[in-house]
1. Looking for something among the basic types (K, R), at pLDDT 90 or above, closer than 28 Å to V414 by Cα and surrounded by 15 or more Cβ atoms within 10 Å (Cβ to Cβ) - is there at least one such residue anywhere in segment 166-173?
2. Here are some conditions: (1) in contact (Cβ under 8 Å) with a residue 60 or more places away in the chain; (2) in the same structural domain as I239 (by TED's automatic domain parsing); (3) under 23 Å from the mean Cα position of the chain (by Cα). D397 meets all but one. Which one does it not meet?
3. V316 - would you say it is of a type in the set (V, I, T), in contact with a Cys (Cβ under 9 Å, 6 or more places away or on another chain) and assigned by TED's automatic domain parsing to the domain that holds R285?
4. Any residue at all in segment 177-200 that's in contact (Cβ under 8 Å) with a residue 12 or more places away in the chain, over 23 Å from F328 (Cβ atoms) and among the hydroxyl-bearing types (S, T, Y)?
5. For segment 264-298: of the residues being charged (D, E, K, R) and modelled with pLDDT under 90, which is nearest to R191 (Cα to Cα)?
6. Within segment 365-387, identify whether any single residue is at pLDDT below 95 and not in a helix (DSSP H, G or I), and answer yes or no.
7. Suppose the filter is within 17 Å of K300 (Cβ to Cβ), under 24 Å from the mean Cα position of the chain (by Cα) and among the β-branched types (V, I, T); does I382 pass it?
Amino acid sequence: MKNSENTKQEEKLPEGWKSVRLGEVLANEHLKVGIKNKNIYIPVAIGELGLRDRTEIYGEDKVLSENTEKYLIFPYSSVCFGLGSKSLAVDVNDVLDSKYSVSPAYKIFKFDGKKYNPSFFRKYFKFLKDSIGDKFLVLSARQGKKIDEEILLNHSVSLPPLHEQQKIAEILETVDRAIEKTDKIIEKYKRIKQGLMQDLLTKGIDENGKIRSEKTHKFKNSPLGRIPEEWEVVRLGEITSLRRSKCLPPLNEKYIGLENIEKETGSINGFIPSEEIKGISNEFRKGDVLFGKLRPNLRKFYFADFDGFCSTEIFVIVSDSNIINQSFLYLVIQSEKFLRLAESKVFGTKMPRTSWNILEKYEFSLPPLPEQQRIAEILSQIDNTIEKEEAYKQKLDRIKKGLMEDLLTGRVRVNKLIKKE
């Protein structure tokens, strides 16, 4: 006889759906073991980005030097659980060719690919992980956090019939393809920008909008190699300075911490409430360039378009407007050559960092102000395109999240679409 709690749960189920324990869906997989580095299986890791080649993440040398000599084969129609960068990570292998393998630290469960749609479960388990994932984790004295198999397998979930699983998977995959396509467009424009920056910061652009070359324009020798005749070589510290006004941030003012600046994008993801800031901060003003000084953050930069306050672990760089355009300075700061210098010259062991004494010695070629403006305008057009595509991707991410919440809970049904087909 069913208890009142189970009966109450079933009453809330969408018509045709059923409540099952994950233990009825998942079964312990009889795991085959593959020897690593035999070019048979691709060693993968599972985290926030899903299934990824470990050599892509950690580098081949790191993977080859690991102590683990064997990997568990991650077969088709199986679910793999592991501890990712943000606690529980989960993925489903819906690729028929069982070419993947994972570290024995992961847990792999088999499910019936004929009774349950693998593509649906790829979405469903990620949704489950985002909504209640940490419920499956317990603390272990030896291993820290680990997956509690009993809690996991006893958890009840609501599942639609197979034909509805298929349609839900198709809808969500359509959004995924749109997100993937947008990602490729963003990466394409980022590559275009990097290539243009390399040309524009070394050769420049003339009054007719043409990139200079030695065939059509005059160049001269310099400590940095051949540069346009009108350009000069300068040190960063000769034409910029640090804003050193430190204070307690006033209430209700915008405060940026290192965690608010996204790596390599020049974007910020929000602010820290000023009432949470206990120590002193740096003040910055519109047009200043912010640059993280700690090693993990040496590729974090931001062009301030408002007045505010930031962490003292961020340099606030001010340009001499009579010599260098603010936007052009921002291009110099985000150039690969400057970033490599910052990364190569760090000191300290506990919190490795760079210093202004190092960065101010950075040498680069500087065009006249009108040409700086032209260069900045061209690259800002690409930045605007990238921003539009990133905004569109964020919109797609919101649509996907809403669809997952609606379709994977049965709040919105796909029966009418199935009947039409």
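1. yes
2. (2)
3. In short, yes.
4. Within segment 177-200, one or more residues are in contact (Cβ under 8 Å) with a residue 12 or more places away in the chain, over 23 Å from F328 (Cβ atoms) and among the hydroxyl-bearing types (S, T, Y).
5. Residue satisfying both the conditions and the ranking: E264.
6. No.
7. no
For (1) touching a residue at least 24 places away in the same chain (Cβ under 8 Å); (2) farther than 21 Å from R244 by Cβ; (3) assigned to a strand (DSSP E or B); (4) touching a strand residue (DSSP E or B) at 6+ places or on another chain (Cβ under 8 Å), each residue gets a yes or a no:
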{"residue": "F306", "(1), (2), (3), (4)": "yes, no, no, no"}
{"residue": "T312", "(1), (2), (3), (4)": "yes, no, no, yes"}
{"residue": "V318", "(1), (2), (3), (4)": "yes, no, yes, yes"}
{"residue": "L331", "(1), (2), (3), (4)": "yes, yes, no, no"}
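The values are calculated or read from the model by the stated rules, or taken from the named source; none is laboratory data. Predicted model, so just to flag it, every value in this text is computed and none were measured. Note that each Cβ is placed from the backbone with ideal geometry, even for glycine, and that neighbours are counted across all protein chains shown.
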